[in-house]
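First the structure, in the form of structure tokens, and then the observations on it.
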Amino acid sequence: MTTGQLATTGPVQDEPVLATVSRLVTEIIGEEYVLALDITLDTSFNADLEVESIEFVALAAKLREHYGERVDFVAFLAGKEVHEIIALHVGDLVTYIEQSLRDA
Amino acid sequence: MPDVVANGVRLHVQRLASPGLREDAPVVVFLHGLVMDNLSSFYYTLANPVAAAGADVVLYDLRGHGLSDRPRTGYAVSDSVADLTALLDELDLTDRPLHLVGNSYGGTVSLAFATANPERVASLVLIEAHFAIEGWGEQMAGTLTEIAFGLKDGDARKWRDQHGRKLGRMAANANDLINNTTMVDDLLAVKPLPADGVAAITCPVRAVYGELSDVLHHAEALRALLPDFTLTIQPNTSHSVLMEATPQLRAMITGWLT
């Protein structure tokens with residue numbers, strides 16, 4: 001393995017955070033529901049995407065798998081009340097992930 | 001990782017832990033309630049705070065619920081205990097002391113597991129736990145049949161059309177669980193837990209019930225049997241105390257478990 005390969009860990013790793021979140025949401029709730037929507041930072045998981053709570057759990061698990069220990073989702077969610085989790089927008093998650101990646 | 005086959009059923013499992021989890025961290029398993037519930041009710045409320053406080057947290061969807069498989073049979077309390085036992089085996093959590101946190105039917109399963117394995121349980125946290133006493137199965141089956149009546153196939157479709165994808169799917173899943181599995185028959189056949197078995201649970205048992213709960217009488221039945229029993233009655237809350245008093249329960253439970 002060359003230094004160049006080490007620096008570039010593949011297209012998925014270089015994906016912008018919003019694109020990763022959008023891709024994983026689509027995997028979970030199915031393309032037919034997402035296609036009609038353009039997922040942006042202002043998209044609400046609950047009101048716009050109608051993500052079920054159990055699907056949000058699955059999304060967080062996929063994100064944890066993707067980002068590893070660099071992003072502490074337990075801390076993110078432990079600090080939120082139920083109504084705040086339900087009211088989350090894509091942008092809230094993207095901002096937290098970007099912040100964590102910068103700090104990691 | 002999210003899927004584990006235990007007792008022949010694929011179960012959706014979530015493990016939560018903070019970075020740098022200690023090897024001797026307490027293992028806390030959360031068990032949710034019946035039919036319109038799944039692991040997300042604990043995930044949104046208590047599980048992440050308990051993990052953030054240093055516990056090794058396990059959440060799973062009971063068979064038939066959430067993202068777990070929905071086999072046609074196996075909905076007796078003894079089946080739920082067998083599923084939990086097999087899951088702990090699969091996760092290699094057989095040697096470490098276990099803390100079980102059960103809500104409603106999840107409390108029933110926690111009590112039944114502790115009755116069968118008193119030496120494995122370090123503590124029980126029972127939130128609005130149903131306690132399988134004489135007549136309990138009939139009562140539960142009756143409640144489910146009432147729900148089922150409103151969820152016939154046609155109605156589930158109507159729900160989806162009127163309320164959108166999310167509620168429609170919840171209704172369809174509940175309908176399938178109640179009308180197309182042996183759940184109601186299995187509950188009707190449930191035998192009460194033996195009083196001497198319950199009395200042999202010597203670990204601390206912490207119970208929380210809502211002041212206005214329709215199952216509050218279970219608290220008194222448990223108090224009469226369990227040697228180390230602490231009861232909190234949360235004012236102005238119902239059977240949904242987990243959702244109605246989440247901040248209070250978070251403070252209580254993270255204090256108890258970690």
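Of B:ALA52, A:HIS89, B:VAL205, whose Cα points farthest to the positive end of the dipole of the protein assembly as shown (charges on the beta-carbon: +1 Lys, Arg; -1 Asp, Glu; origin at the Cα centre)?
B:VAL205
Would you mind giving the total buried accessible surface between chains A and B, with a 1.4 Å probe and ligands, DNA and RNA left out, rounded to the nearest 100 Å²?
Buried: approximately 2400 Å² between B and A.
May I ask you to list the GluC sites (Glu not before Pro) in region A:33-104 that are in a DSSP loop and have at most 14 other Cβ atoms within 10 Å of their Cβ?
Numbers: sites: A:GLU50, A:GLU52, A:GLU55, A:GLU65, A:GLU69, A:GLU81, A:GLU84, A:GLU98; in loops: A:GLU50, A:GLU52, A:GLU81.
Taking region A:33-104 and a limit of 14 other Cβ atoms within 10 Å, the loop GluC sites (Glu not before Pro) found are A:GLU81.
Do any trypsin sites (Lys or Arg not before Pro) in region B:1-69 lie in a DSSP loop with no more than 13 other beta carbon atoms within 10 Å, and if so, which?
B:ARG22
Taking a ≥ b ≥ c as the square roots of the eigenvalues of the Cα gyration tensor of chain B, is the shape rounded (a/c under 1.5), prolate (a/b larger than b/c) or oblate?
Numbers: a/c = 1.42, a/b = 1.26, b/c = 1.13.
It is rounded, given that a/c, with a ≥ b ≥ c, falls under 1.5.
Could you give the size of the charge dipole of the protein assembly as shown about its Cα centre, using +1 on the Cβ of each K and R and -1 on the Cβ of each D and E, expressed in debye and rounded to the nearest 20?
In debye, rounded to 20, the protein assembly as shown gives about 160.
Hey, with R₀ at 25 Å, roughly what FRET efficiency would B:ALA224 and B:LYS191 work out to, going by the Cβ-Cβ distance, to 0.05?
Efficiency, from the Cβ-Cβ distance: 0.85.
Round to the nearest 0.05 the FRET efficiency obtained for B:ASP89 and B:ALA251 when R0 = 25 Å and r is the Cβ-Cβ distance.
It comes out at approximately 0.15.
Once you wrap a convex hull around the alpha carbon atoms of region B:1-82, what is its projected area averaged over all directions, in nm²?
Mean orientational projected area (region B:1-82, Cα hull): 5.7 nm².
Just the number please: accessible area per residue for the protein assembly as shown, 1.4 Å probe, all protein chains included, in Å².
On a per-residue basis, 44 Å².
Excluding same-chain residues fewer than 8 positions from B:LYS166, which aspartates and glutamates have a Cα within less than 13 Å of its Cα?
A:ASP48, A:GLU50, A:GLU52, A:GLU55
Taking only DSSP H segments of four or more residues, each worth -39500 (n - 2.57), what value at 222 nm results for chain B once the sum is divided by all its residues, to the nearest 500 deg cm²/dmol?
Values: 10 runs with 109 residues, N = 258.
So the helix-based figure for chain B works out to -13000 deg cm²/dmol.
Using θ = phi - 60° and the Karplus form 6.51 cos²θ - 1.76 cosθ + 1.60, what ³J(HN,Hα) does each residue of region B:110-126 get, whole Hz, x for Gly and Pro?
4, 5, 5, 5, 5, 5, 7, 9, x, 6, 8, 9, 8, 6, 10, 10, 10
Could you pull out every residue, at least 5 positions away or on a different chain, whose amide H is within less than 5 Å of the one on B:ARG10? Hs are placed 1.01 Å off N in the peptide plane, and Pro or chain starts have none.
The list, which skips near neighbours in sequence, is B:ASP69.
Evaluate the distance, in nm, between pseudo-label points positioned 7 Å from the Cα of B:ARG72 and of B:LEU216 along their respective Cα→Cβ axes.
In this crude label model, B:ARG72 to B:LEU216 measures out at 4.4 nm.
What does a probe at B:GLU134 reach in region B:193-225, counting residues whose amide N is under 19 Å from the point 7 Å along Cα→Cβ?
Those under the cut-off are B:193-199, B:217-225.
Over all directions, average the projected area of the Cα convex hull of the protein assembly as shown and note it in nm².
Reported value for the Cα convex hull: 19.4 nm².
Take the alpha carbon atoms of region A:13-103, find their radius of gyration, then divide it by 2.2 N^0.38 Å using N residues; give the quotient.
Values: Rg = 12.3 Å, N = 91, 2.2 N^0.38 = 12.2 Å.
Dividing the Cα Rg of region A:13-103 by 2.2 N^0.38 Å gives 1.01.
Compute the length gained on full extension between B:ASN236 and B:ASN117: take 0.36 nm times their separation in residues and subtract their Cα-Cα distance, giving the result in nm to one decimal.
Result: 39.4 nm gained on full extension.
Got a sec to turn the phi values of region A:47-54 into Karplus ³J(HN,Hα) couplings, 6.51 cos²θ - 1.76 cosθ + 1.60 with θ = phi - 60°, whole Hz, x for Gly and Pro?
Coupling constants for region A:47-54: 6, 8, 8, 6, 6, 5, 4, 5 Hz.
Considering only B:ASN173, B:PRO19, B:SER104, whose Cα is most displaced toward the positive end of the charge dipole of the protein assembly as shown, charges sitting on Cβ of Lys, Arg (+1) and Asp, Glu (-1)?
B:SER104
If you plug each phi of region B:136-147 into the Karplus form 6.51 cos²θ - 1.76 cosθ + 1.60 with θ = phi - 60°, what whole-Hz ³J(HN,Hα) values come out, in order, with x for Gly and Pro?
Once rounded to whole Hz, the list reads 5, x, 4, 5, 5, 4, x, 4, 5, 5, 4, 4.
The values are calculated or read from the model by the stated rules, or taken from the named source; none is laboratory data. Just so it is clear, the structure is predicted and the values come from calculations on it, not from any experiment. When we count neighbours, we look across all protein chains shown, and the Cβ atoms used for this are built from the backbone with ideal geometry, even at glycine. Side chains included, ligands, DNA and RNA excluded: accessible areas come from the protein's heavy atoms. Shrake-Rupley method; radii C 1.70, N 1.55, O 1.52, S 1.80 Å.
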